[in-house]
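The values are calculated or read from the model by the stated rules, or taken from the named source; none is laboratory data. The shown structure was predicted, so the numbers you read here are calculated from the model rather than taken from an experiment. Here the Cβ positions follow ideal geometry from the backbone for every residue, glycine too, while neighbour counts run over all protein chains shown. Note: areas computed on protein heavy atoms with side chains; ligands, DNA, RNA excluded. Shrake-Rupley method; radii C 1.70, N 1.55, O 1.52, S 1.80 Å.
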Amino acid sequence: MCGIVGIIEKNSSVSPLIHEALKRLEYRGYDSAGIATIHQNSICIKKDKGKIDEIHQKLDLDSLPGRIGIGHTRWATHGLPSKINAHPHLDCTKKIAVVHNGIIENFLELREDLERRHRFESETDTEVIPHLIEEIILKTRCDLYTATRKALQKIRGTYAIVVIYVEEPNVLVCARNESPLVIGIGKNANYCASDITALLPFTKKIALLNDGEIAAINYDKIHVETINGEVVVKPEIYDISWSPEMAQKGGYPHFMLKEIHEQPHALTGTLLIRPEIIDQVARALNDSKKLYITAAGTSNHAGLAGKYMFSKLSALQSQAIISSEFQESTTNLIDQDTTILAISQSGETADTLNAVRFAKNNGAKIISVTNVMGSTISRLSDLTLYTQAGPEIGVAATKTFIVQLASLALISLQIAEIRGVLESREVDQLREGLMQTPKIVEKTLKKEESLVRDIAYEYAYKPNFLFLGRGISTTTAMEGSLKLKEIAYIHSEAYPAGESKHGPIALIEPGFPVVFITPPDETHEKIIGNIMEVKARGAKIISIAEQNDHDIKKLSDKIISIPPTPTPFSPITYIVPLQLLAYYIATKRGFDPDKPRNLAKSVTVL
Ligand code: G6P
C-alpha cells in the first residue's frame with residue numbers, strides 16, 4: 001500500500017514537514033521509510049528498515065537540508081523490507097529520486113532491458129522508474145516533467161509517484177493511476193500526498209488528481225495534464241473541514257481506542273446527513289432491477305448487514321458480494337439494469353475499485369458510501385453518500401464501520417417509506433430508535449469497558465475463539481472475529497450459530513471461548529438452543545445481550561449488557577464490546593493495535 005509525500009517550500013527546509021506527513025501516513029505501511037531532498041546540487045537521502053520513529057531515532061530525518069523533498073513509508077510488495085528496498089529510489093547518476101505506491105506490472109520486462117545499461121540496487125519494481133526517466137532525459141534532453149510522462153507511458157500497472165531531479169530543484173513531478181494521490185495548496189508552499197490527513201497540518205485546500213494525470217508542482221503554482229493525451233486539466237479544489245487534531249491521539253494510548261470512543265460523535269454526525277441525500281440514494285437503489293452490494297474487509301460486514309436491513313425493513317432484494325470475488329461471481333450478470341452499492345471507508349481499496357470499474361464498464365450504475373471526500377470511489381460513482389466519521393487512522397476499522405451501518409439503516413428506512421413497506425408511524429419509531437444509538441454506544445462504553453477489559457485479560461491467551469450469531473448478528477459475529485484476528489493474532493472463526501452444529505462444534509472442548517451475539521430479535525429463542533449445544537461440550541460462553549436478559553445471563557459465563565436497541569440496528573451497538581475485547585486482548589499480549597503485522601489500512605493492490 002505505502003504512503004508517499006512530496007513538499008516544496010519557498011523559504012524553509014522541508015524534511016521535518018515530510019517526516020510529520022509520513023507519521024500520518026504510517027497506517028498505510030510501516031516496514032521501512034525514507035526521505036530524499038535536494039540541497040546544493042545533490043540528492044540527500046536517509047532511509048532504513050523499521051518504523052518511522054525507529055528510523056528517526058537512528059538517522060535524524062529532520063536534519064536533511066533542502067526546500068524540496070519526497071518521502072515514503074512502505075508496505076512491501078516486491079522485495080523484503082530492507083534498507084536497500086526502502087524508498088526513495090535513485091537512478092544511476094544519483095540525480096533523480098522517486099517514491100512510489102502501487103505495483104508496476106511490466107517491471108520485469110522493463111528491468112531486463114534497462115539492466116543492460118543501468119545498475120539496479122534494489123529488488124523493487126519501483127526502481128525501474130528513476131532509470132527510465134534518467135535514460136529519457138539523457139537521450140532527448142527534455143525536462144523532468146516530459147521525461148516522467150514518457151516513462152509512465154511505458155509503464156503498466158498502478159502507481160502514485162513523486163519525482164525530484166537535482167537539475168530542476170524548483171519542481172516536484174507527481175502522477176497517479178489507480179493509487180491515491182492528492183495535491184495540497186499552501187502559502188509559498190505546495191504539497192502532494194497519498195491522502196488528505198497527511199496534509200492537514202499544512203493546508204486544508206486540496207486539489208484532486210484523477211487517474212491518468214500528471215502534475216508539475218512549484219511552490220507557487222500547479223500545472224496538471226493527462227499523461228497520455230497531454231490535455232491541460234483544471235483540478236477540482238476542495239476545502240477540507242477535518243482539523244489536524246482529528247488525526248492525533250488526543251490523550252489515548254492508541255488511535256484505535258480513541259476511535260472507538262469517538263463512535264457516539266461519529267454516529268451523531270452521520271445520522272444528521274441531509275435527508276435529501278438519503279432520499280436520493282434510497283430512490284436510486286429502489287429503482288434498480290438488480291442490486292449488488294460490494295465491499296472488502298470490515299466494510300463487507302457492513303454491506304452484509306445492509307443486505308439484512310434491505311430485506312427486513314424495505315423488502316428490497318439485494319446480493320452482497322465481497323469485492324475480490326465480485327467479477328467472478330457476476331460474470332454475465334451485470335448490465336444497464338444493475339445498480340452497485342459499493343462501500344469503502346477509504347474509497348481507495350483496489351478490490352472494491354476493481355469491482356466497481358468492472359460493473360461500470362458493463363453499464364451498471366454506481367452508488368457509493370465512503371468516508372473520504374474526493375476519494376477514487378466517489379469519482380467513479382454516479383452518487384456518493386459521505387459518512388461523517390472524521391479521519392480514521394487505526395488500521396482496524398471501528399468508527400467507520402458503525403457509521404456505514406448507520407447510513408445503511410437510514411437508507412433502508414427511507415426505501416421502506418418510499419415503497420410503503422412500513423407504515424409512516426413505524427418508520428418514525430424506528431428512526432427515533434436509530435437516533436438513540438449514539439447515546440446507547442456512549443452508555444455501553446461508560447458502563448461496560450472495564451468489564452470487557454477484565455474479560456479480555458482473562459481470555460487473552462486462549463489460542464482460538466468462535467463468534468456466533470443468527471440473522472443480522474451473524475455480521476456482528478464476523479466483524480468481532482475479524483477484529484480479534486487482525487490485531488490480537490488469535491485464530492478465530494465466525495459462523496451463523498445455526499450452522500455451528502454442521503462443523504465448528506467439533507472444535508469445542510472444555511474451556512473453548514465462544515462469543516454469542518444475542519439481541520432480543522426473532523433469532524433469540526433459537527440461539528439459546530445453540531448456546532446450550534456448545535455449553536454442553538464445555539465451552540466458555542461470553543454473551544453480548546440486552547440488559548436484563550435473564551435467560552442469556554443464566555447460560556453465560558460472562559455477559560456484557562447493551563441498552564435496548566431497535567433490533568434490525570443491533571450491529572451498531574453490539575459491535576462495540578467486541579471492538580474493545582479485541583483491543584484489550586491485543587494490548588494485553590503486547591501488540592500495537594494501530595499497526596497490526598502484515599496489514600495496512602488502505603489496500604491498494606489486488
Ligand atoms: C483493509 C483494512 C480493513 C478494511 C479493508 C477495506 O484490509 O485493514 O480495516 O476494512 O481494508 O477498506 P475500505 O477502506 O475499503 O473500507
Query raised in the report: Once all Cα-Cα distances of the chain are split into 10 Å bins that start at 0, what whole-number percent is in each one?
Result: 3, 17, 26, 24, 17, 9, 3, 0, 0
Report summary line: Applied in sequence order to segment 571-579, the curve 6.51 cos²θ - 1.76 cosθ + 1.60 (Karplus, θ = phi - 60°) yields integer Hz couplings, x standing for Gly and Pro, of x, 4, 9, 6, 6, 4, x, 6, 5
Query raised in the report: So what is the calculated 222 nm ellipticity per residue for the chain, using -39500 (n - 2.57) for each DSSP H run with n of 4 or more, over all residues, to the nearest 500 deg cm²/dmol?
Result: -11500 deg cm²/dmol
Report task. Putting +1 on Lys and Arg Cβ atoms and -1 on Asp and Glu Cβ atoms, find which of ALA536, VAL452, ASN218 reaches farthest to the positive end of the dipole of the chain. Result -> VAL452
Requested in this report: Please calculate the 1.4 Å probe accessible area of MET532, with all protein chains present, and give it to the nearest 10 Å².
Outcome: 100 Å²
Requested in this report: Take every Cα-Cα pair in segment 356-409 and report what % of them are more than 19 Å apart.
Outcome: 34 percent
Query raised in the report: Using alpha-carbon pairs under 8 Å, 6+ residues apart, how would you state the relative contact order of segment 3-247 in percent?
Result: 19 percent
Requested in this report: Could you pull the accessible area for GLU276 with a 1.4 Å probe, rounded to 10 Å²?
Outcome: 100 Å²
Query - Rg to Rh quotient for segment 249-435, alpha carbon positions, Kirkwood Rh - result: 0.97
**Report entry** Cα-centre dipole for segment 1-141 with unit charges at Cβ (Lys and Arg positive, Asp and Glu negative), debye to 20
**Finding:** 420 debye
Report summary line: Quick note, segment 408-503: a/c under 1.5 would make it rounded; otherwise a/b > b/c is prolate and the rest oblate (a ≥ b ≥ c, C-alpha gyration tensor); here it is oblate
Query - Estimated D of segment 95-235 in µm² per second, where Rh is the Kirkwood radius over Cα pairs and Stokes-Einstein applies at 25 °C, 0.890 mPa s - result: 160 µm²/s
Report task. Using a Förster distance of 25 angstrom, determine the FRET efficiency expected from the C-beta separation of LYS501 and LEU606, and round it to 0.05. Result -> 0.10
Report summary line: Site ALA315, offset 7 angstrom along Cα→Cβ, radius 17 Å on amide nitrogen, limited to segment 407-432, gives 412-428
Query raised in the report: Over segment 33-141, what is the mean sequence separation of C-alpha contacts under 8 Å (at least six apart), divided by residue count, expressed as relative contact order in percent?
Result: 25 percent
Query raised in the report: Between ALA536 and GLU105, what FRET efficiency comes out of the Förster formula 1/(1 + (r/R0)^6) with R0 = 45 Å and r the beta carbon distance, rounded to 0.05?
Result: 0.25
Query raised in the report: Counting only heavy atoms of protein chains, what accessible area per residue, in Å², does segment 447-593 have with a probe of 1.4 Å?
Result: 36 Å²
Query raised in the report: Cα centroid distance between segment 393-425 and segment 44-60, in Å?
Result: 44 Å
Requested in this report: Compute the Rg to Rh ratio over segment 354-451 from the alpha carbon atoms, using the Kirkwood formula for Rh, and round to two decimal places.
Outcome: 1.06
Report summary line: Site LYS439, offset 7 angstrom along Cα→Cβ, radius 20 Å on amide nitrogen, limited to segment 567-582, gives 567-577
Query raised in the report: So for the chain: antiparallel DSSP bridges make up what percent, rounded to the nearest 5?
Result: 60 percent
Query raised in the report: What are the ³J(HN,Hα) values, in whole Hz, obtained from phi via the Karplus relation 6.51 cos²θ - 1.76 cosθ + 1.60 with θ = phi - 60°, for each residue of segment 333-349 in sequence order, with x given for Gly and Pro?
Result: 10, 8, 8, 5, 8, 9, 10, 10, 9, 9, 10, 7, 4, 7, x, 10, 5
Query raised in the report: Where the centre of each part is set by its Cα atoms, how far does segment 89-119 sit from segment 8-29, in angstrom?
Result: 24 Å
Query raised in the report: Ratio of Rg to Rh for segment 447-593, alpha carbon only, Kirkwood?
Result: 0.93
Query raised in the report: Could you state the number of Å between the C-alpha centres of segment 281-336 and segment 524-568?
Result: 30 Å
Requested in this report: Grab the eigenvalues of the alpha-carbon gyration tensor for segment 448-533, scale each by 5, take roots, and send me the semi-axes largest first in whole angstrom.
Outcome: 20, 15, 12
Query raised in the report: Which entries of LYS150/LYS204; LYS95/LYS139; LYS447/LYS558 show an alpha-carbon separation above 23 angstrom in the structure shown?
Result: LYS150/LYS204
Requested in this report: Could you please put GLU417, GLU135 in sequence from largest to smallest accessible area, using a 1.4 Å probe?
Outcome: GLU417, GLU135
**Report entry** Solvent exposure, largest accessible area first (probe 1.4 Å, DNA, RNA and ligands not counted), of TRP242, TRP75
**Finding:** TRP75, TRP242
Report summary line: Taking every alpha carbon pair in segment 1-144 and sorting the distances into 5 angstrom bins from 0 up to the bin holding the longest one, the percent per bin comes out as 2, 11, 20, 23, 20, 14, 8, 3, 0
**Report entry** Total charge dipole magnitude, segment 3-247, about the Cα centre, Cβ charges on Lys, Arg, Asp, Glu only, Debye to nearest 20
**Finding:** 400 debye
Report summary line: Taking only protein heavy atoms and a 1.4 Å probe, the highest-to-lowest accessible-area order of THR475, THR158 is THR158, THR475
Query raised in the report: With the Cα gyration tensor of segment 3-247 giving a ≥ b ≥ c as the square roots of its eigenvalues, does the rule (a/c under 1.5 for rounded; else a/b larger than b/c for prolate; else oblate) give rounded, prolate or oblate?
Result: rounded
Query raised in the report: lysines near LYS49 by alpha-carbon distance under 19 Å, same-chain residues fewer than 8 away left out - which ones?
Result: LYS23, LYS58, LYS83, LYS595
**Report entry** Inter-label distance for GLU276 and LYS290, nm, one decimal - labels placed 7 Å from Cα along Cα-to-Cβ
**Finding:** 3.4 nm
Report summary line: So the carbon and sulfur contribution to the accessible area of the chain, 1.4 Å probe, in percent, is 49 percent
Requested in this report: Go through LYS526/LYS554; LYS249/LYS485; LYS51/LYS154 and tell me which ones have a Cα-Cα distance over 25 Å in this structure.
Outcome: LYS51/LYS154
**Report entry** Per-residue SASA entry for LYS526, accessible area with 1.4 Å probe, Å² rounded to 10
**Finding:** 130 Å²
Requested in this report: Only Lys, Arg, Asp and Glu count, each charged at its Cβ (+1, +1, -1, -1), so figure out the dipole size of the chain about its Cα centre, rounded to 20 debye.
Outcome: 660 debye
Query raised in the report: Once the dipole of segment 447-593 is set up with Lys and Arg at +1 and Asp and Glu at -1 on Cβ about the Cα centre, which of THR567, THR475, GLY511 lies farthest towards its positive end?
Result: GLY511
Query raised in the report: Each residue of segment 56-61 in order: what ³J(HN,Hα) in whole Hz does its phi give by Karplus 6.51 cos²θ - 1.76 cosθ + 1.60, θ = phi - 60°, with x for Gly and Pro?
Result: 4, 4, 7, 10, 6, 4
Requested in this report: Relative to the compact-globule scaling 2.2 N^0.38 Å, provide the ratio for the alpha-carbon radius of gyration of segment 183-326.
Outcome: 1.38
